[in-house]
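These notes are about the structure you will find just below.
The values are calculated or read from the model by the stated rules, or taken from the named source; none is laboratory data. Because the structure is a prediction, the values reported are computed rather than measured. Positions of Cβ are generated from backbone atoms using ideal geometry, with glycine treated the same way; all protein chains shown enter the neighbour counts.
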């Protein structure tokens, strides 16, 4: 049986047919010696009864914010508990928490929860609800607030559809909770691990003072990876493109430093500057770097060099002359003061076969300067860019498959940890 210091856990359930998995998790936590106080929404009690939950924990189930004699219970329980868990977290509940509504007991507990204590959220819902932009925005917002938000599984859902949205299996949920139940994790910040530098977002190659060539990168993947390293206690430098998504520091996690780049040249200079001034254990180059920059702009009558002081006239036809940019990935190790710097690159393809993807990855290894590569294909990315599968290569060999960004960020943390 898993051994950890006994803890006080506030376990909350919202309405979902997957409440039966939550009951399995609660049962195991109690068997492992933890005190578990269950809070259930009214809709959750339609799926699992109070008698079952009370039988598992030996404690009465709380579900009413204005229960007689318990008007301040939401304050008392936040002081009592070491850890809060919301499992399952329905789409409605996630969106309400992101808005900060406290109209019921779970909402009030969330608002009153001390940010110095971990709060874990395990979503469960229909795949359309999971992929809805409002839900994804709420999940991102909760992550920014400091909640530990987990992904979902893929498979057949209760509604009969097949897709993302399944609550993680009970053992997976237990493993994630146990991370926070290990000795000292609940009361002390983890000791800082070596620094990691993560790049994200797209470059912008300027034409004039208001126009530029860019790509579709949002920085979402890099931000997700950074959030994973922060949760693991790393000191993260997040070097991002203009307008890219950024992670948010968690008071229980590692430190976060933000820096910005614009063009290919700007990114190159920032990497040189940052890596020359501090010791980094790893660089994760997830930024989408332009393969071309603008050499010359021709109107027919005149030629221009790109300049922020220039404003091109829209009435004139333009011809752009491009030139290739030097590859950044093979140069990164040469910028560092660390002789054993780990460099992880990304390779994006478009509707490539498995063999074609493998060949593209091998080309990166052949160019040198990279220790591992994450390969993904545009055809495997959801239209909103929220979820995608990927393959992980080390020294040219395919070693792992990741179904989503949660697995990817956890896998990268584990890889870096294993190289120490």
For this session: State whether the residues of region 15-28 include one that is assigned to a loop (DSSP other than H, G, I, E, B), at pLDDT below 90 and touching a helix residue (DSSP H, G or I) at 6+ places or on another chain (Cβ under 7 Å).
Result: yes
For this session: Could you please tell me which pairs satisfy a Cβ distance under 6 Å, a separation of 6+ or placement on different chains, a first residue in region 345-369 that is touching a residue at least 60 places away in the same chain (Cβ under 8 Å), and a second residue that is in a helix (DSSP H, G or I)?
Result: 345/329; 345/364
For this session: Specify which of the listed residues (170, 112) is out of contact with any strand residue (DSSP E or B) (no Cβ under 9 Å at 6 or more places or on another chain), surrounded by fewer than 18 Cβ atoms within 10 Å (Cβ to Cβ), at pLDDT 85 or above and in the same structural domain as residue 17 (by TED's automatic domain parsing).
Result: 112
Exercise. How about region 107-116: which of its residues are more than 23 Å from the chain's Cα centre (by Cα) and within 19 Å of residue 134 (Cβ to Cβ)?
Worked result: 107
For this session: Test residue 339 against the stated conditions and say whether it is out of contact with any strand residue (DSSP E or B) (no Cβ under 8 Å at 6 or more places or on another chain), free of Cβ contacts under 8 Å to residues at least 40 places away in the same chain and either over 27 Å from residue 388 (Cβ atoms) or crowded, with 19+ Cβ neighbours inside 10 Å (or both).
Result: yes
Problem set entry | Options 268, 275: the member that is in contact (Cβ under 8 Å) with a residue 40 or more places away in the chain, crowded, with 20+ Cβ neighbours inside 10 Å, over 15 Å from the mean Cα position of the chain (by Cα) and in the same structural domain as residue 406 (by TED's automatic domain parsing) | 275
Problem set entry | Check on residue 393, surrounded by 14 or more Cβ atoms within 10 Å (Cβ to Cβ) and over 27 Å from residue 275 (Cβ atoms) | no
Problem set entry | Single unsatisfied condition, residue 248 versus (1) farther than 26 Å from residue 377 by Cα; (2) within 18 Å of the chain's Cα centre (by Cα); (3) free of Cβ contacts under 8 Å to residues at least 60 places away in the same chain; (4) not in a strand (DSSP E or B) | (3)
Exercise. Could you say whether any residue in region 305-317 is in a loop (DSSP other than H, G, I, E, B), touching a strand residue (DSSP E or B) at 6+ places or on another chain (Cβ under 7 Å) and without any contact (Cβ under 8 Å) to a residue 12 or more places away in the chain?
Worked result: yes
For this session: Report, by residue number, each residue of region 2-14 that is in contact (Cβ under 8 Å) with a residue 40 or more places away in the chain, assigned to a loop (DSSP other than H, G, I, E, B) and surrounded by fewer than 24 Cβ atoms within 10 Å (Cβ to Cβ).
Result: 2, 4, 5, 7
Problem set entry | Unmet criterion (only one of (1) under 22 Å from residue 388 (Cβ atoms); (2) modelled with pLDDT of 85 or more; (3) buried (at least 20 other Cβ atoms within 10 Å of the Cβ)) for residue 157 | (2)
Exercise. Quick check: is even one residue across region 310-319 surrounded by 15 or more Cβ atoms within 10 Å (Cβ to Cβ) and in contact with a helix residue (DSSP H, G or I) (Cβ under 6 Å, 6 or more places away or on another chain)?
Worked result: no
